[in-house]
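Structure record follows, encoded as structure tokens.
The values are calculated or read from the model by the stated rules, or taken from the named source; none is laboratory data. Predicted, not measured: the structure shown is a model, and the values here were computed from it. So basically every Cβ, Gly included, is an ideal-geometry build from the backbone, and we count neighbours across all protein chains shown.
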Amino acid sequence: MAEQADGAGAPPSRRALLARIGAVAGGAAMYQAMSALGVAAESTYSGPIRLEGDPRGASVVILGAGLAGMVAAMELRRAGYRVQVLEYADRAGGRCWSLRGGDRYTEMGGETQVVNFDQGLYFNPGPWRIPYNHHAVLDYCKRLGVALEPFVQVNYNALVHGRAAFGGKPQRYRAINADYQGGIAELLAKATKQGKLDEAVGKQDQEILLESLRAWGALNADMTYAKSLLTSDRRGFERDPGGGLTARPSFSEPVALKDVLSSRLWSYLVTGSLYEFQTTMFQPVGGMDMIAKAMAREVDGLVRYNAKVTAIRQDGNGVSITVQDAGGGAPEQVRADWCVCTLPLSILSQIEMNVGAPMAAAIGAVPYSASVKVGLQFKRRFWEQDEHIYGGISYTDLPIRMISYPSTAYGSPGKGVLLGAYAFGPYAYEFTALPAAERVRRALDWGATLHPQYRDEFDGGVSVGWHRVPGAMGCNGAWTDAKRAEHYDNLCAIDGRIVLAGEHASYIPAWQEGAILSSLDAISRLHRRVVSA
């Protein structure tokens, strides 16, 4: 495919050659694909918005007290609007949510889980990390006093695992990464020295290329990737350097490139190179819902909780929302001049709503991704004590897909909570269809393949399948290019007196940044319409 793109029979250009090297090094091709989908661009946020002009006492009802809804409430109130927020749940935050010891969670179908985590420990069923380039989230954290700490995305001492790779034995990320890079570097070095790149790369550039390959791939003086101090310093030693009479290290034996390739464990190496996962990432100290709690304090008194919206009607003079208590009771009408609706489309598509055909079609066109997470508490932090894994993620082709270790309270005694499963697609549907306790049991069984300590150290767990979460019924809006081309603009357009916002109305789906940017864009356009009326 790449050769055809350069022209049939033509030698690759220098740019094409370096692009291929970059792709082998990790992430370039994926980044291009992400850019095409609109999810790799840097956040457009440039600072707090200024809603200039007098709204003359206009009223706005906001549906949903997730981040999009609360941002709209904060900014519109600051601009002089009369604001009220209707929220189905008994808490603010939406998918920005953390579970702690003593919490109770009842999913659709009625099953209730009681979280038994120790004090100070938590699990984020929804968002769990913040990229450094998500400027809006970071700015709101700064303005609201939400303390942040680093989130470790890539840990070279974590594990990569495949059921059919290396007899099912987990491998250290650093070893596979080093052996993959070293093997590729040796191949390119051989091709360069054999003159196979003469037409594409000049002699001077070939010398630079060889120098760079030796440095990047930890190649020895003869340009081979073989057992040595250089390679062990990348992949780890058989016996680490020490002191005294036991100081002399033992070098480790690299895995042959053909075995690394056939293992397919190289597929896990790209993640940390992707734009959204590059260092440094962050997390709020104490749980992701610290952001929601800070915003909820700002809009205190504006939010009505346990408010189930059953109909949205608009006319030339305003918007009427039919609402009733989530626990039952008689319906009532809430009236406002304008409506900002941040409800997930999975919910909104089931609510009676008189908008035009283009917006109605857009609301019904976007399915929601399946996702499931399992949080597991253990009696001790064995991943640190036994295996020296401090934060980061281990990857596997088992249905749990990954294990994420807490990026906080390193070395603390006592219990710890890790993310024991985070699955999308078919595995998520399968998990979600199971009773909560069975999801935890399976995560425990599969996780023991990577960490045998699981069985002896397990101390409780909780699971959240997003298609069973009331008020969400799915993880995030799952756009395709074709659906975006047909419906996205219609979804975001102001329809009469109604405008939509949320991660589904952004090009950063499934991220809090997308929700906030969508909200800021929606209320800016709405405000311009109000003050110009």
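In the set (1) aromatic (Phe, Trp, Tyr); (2) assigned to a helix (DSSP H, G or I); (3) without any contact (Cβ under 8 Å) to a residue 60 or more places away in the chain, Phe237 fails one condition alone, (2). Quick check: is even one residue across region 239-248 farther than 18 Å from Gln181 by Cβ and polar (S, T, N, Q)? Checked against the condition, which is being farther than 18 Å from Gln181 by Cβ and polar (S, T, N, Q), region 239-248 yields at least one hit.
Okay, residues lined up against (1) in contact with a His (Cβ under 6 Å, 6 or more places away or on another chain); (2) surrounded by fewer than 24 Cβ atoms within 10 Å (Cβ to Cβ); (3) over 15 Å from Gly64 (Cα atoms); (4) of a type outside the set (A, V, I, L, M):
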{"site": "Glu457", "(1), (2), (3), (4)": "no, yes, yes, yes"}
{"site": "Val464", "(1), (2), (3), (4)": "no, no, yes, no"}
{"site": "Tyr488", "(1), (2), (3), (4)": "no, yes, yes, yes"}
{"site": "Arg497", "(1), (2), (3), (4)": "no, yes, yes, yes"}
{"site": "Ala515", "(1), (2), (3), (4)": "no, no, no, no"}
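The set of residues in region 434-455 being in contact with a His (Cβ under 9 Å, 6 or more places away or on another chain) and hydroxyl-bearing (Ser, Thr, Tyr) consists of Thr449 alone.
A search for C-beta distances below 6 Å between a residue of region 276-296 that is farther than 17 Å from Ala515 by Cβ and any residue that is part of a helix (DSSP H, G or I), counting only pairs 6+ apart in sequence or on different chains, returns Phe277/Thr271. Which residues, taken from region 328-343, are in contact (Cβ under 8 Å) with a residue 60 or more places away in the chain and either farther than 24 Å from Tyr81 by Cα or of a type in the set (Phe, Trp, Tyr) (or both)? Residue satisfying the conditions is Trp338 alone. Considering (1) outside the structural domain of Val464 (by TED's automatic domain parsing); (2) at pLDDT 95 or above, the lone condition that Lys193 does not fulfil carries the number (2). The residues of region 437-449 that are out of contact with any Gly (no Cβ under 6 Å at 6 or more places or on another chain) and surrounded by 22 or more Cβ atoms within 10 Å (Cβ to Cβ) amount to a single one, Arg439. Determine whether Gly356 is over 26 Å from Ala409 (Cβ atoms), touching a residue at least 40 places away in the same chain (Cβ under 8 Å) and either surrounded by fewer than 16 Cβ atoms within 10 Å (Cβ to Cβ) or of a type in the set (Asp, Glu) (or both). So Gly356 passes the test.
Among the strands (runs of 3 or more DSSP E) confined to region 256-334, the ones with at least 1 residues that are surrounded by fewer than 18 Cβ atoms within 10 Å (Cβ to Cβ) are located at 307-315, 318-325.
Could you please let me know if Leu265 is more than 30 Å from Ser43 (Cβ to Cβ), of a type outside the set (Asp, Glu) and touching a His at 6+ places or on another chain (Cβ under 8 Å)? So Leu265 fits the description; yes.
Taking Ser250 as the residue in question, decide whether it is outside the structural domain of Val146 (by TED's automatic domain parsing), in contact with a strand residue (DSSP E or B) (Cβ under 6 Å, 6 or more places away or on another chain) and among the small types (Gly, Ala, Ser).
So Ser250 passes the test.
Just one of the listed residues (Arg91, Arg77) is in contact with a strand residue (DSSP E or B) (Cβ under 9 Å, 6 or more places away or on another chain) and not in a strand (DSSP E or B), namely Arg77. Taken over region 168-198, the criterion of being charged (D, E, K, R) and either under 32 Å from the mean Cα position of the chain (by Cα) or assigned to a helix (DSSP H, G or I) (or both) is satisfied by Lys169, Arg172, Arg174, Asp179, Glu186, Lys190, Lys193. Taking the listed residues Val137, Val201, Val146, the one that is in the same structural domain as Gly420 (by TED's automatic domain parsing), surrounded by 12 or more Cβ atoms within 10 Å (Cβ to Cβ) and not in a helix (DSSP H, G or I) is Val146, with no other qualifying. Filtering region 204-221 to residues that are in a loop (DSSP other than H, G, I, E, B) and hydrophobic (A, V, I, L, M, F, W, C) leaves Ala218, Leu219, Ala221.
Among the residues of region 447-486, those that are out of contact with any Asp or Glu (no Cβ under 8 Å at 6 or more places or on another chain), in contact (Cβ under 8 Å) with a residue 60 or more places away in the chain and in a loop (DSSP other than H, G, I, E, B) comprise Thr449, Leu450, Gly471, Ala472, Met473, Gly474, Cys475, Ala478, Trp479.
For region 249-269, the set of residues classified as in contact with a Gly (Cβ under 7 Å, 6 or more places away or on another chain), more than 11 Å from Ala178 (Cα to Cα) and not charged (D, E, K, R) consists of Ser252, Ser263, Leu265, listed by residue number.
Pairing residues of region 372-400 that are surrounded by fewer than 24 Cβ atoms within 10 Å (Cβ to Cβ) with residues that are among the basic types (Lys, Arg), at Cβ distances under 6 Å and at least 6 apart in sequence or on separate chains, gives Gln377/Lys415; Lys379/Lys415; Asp397/Arg163.
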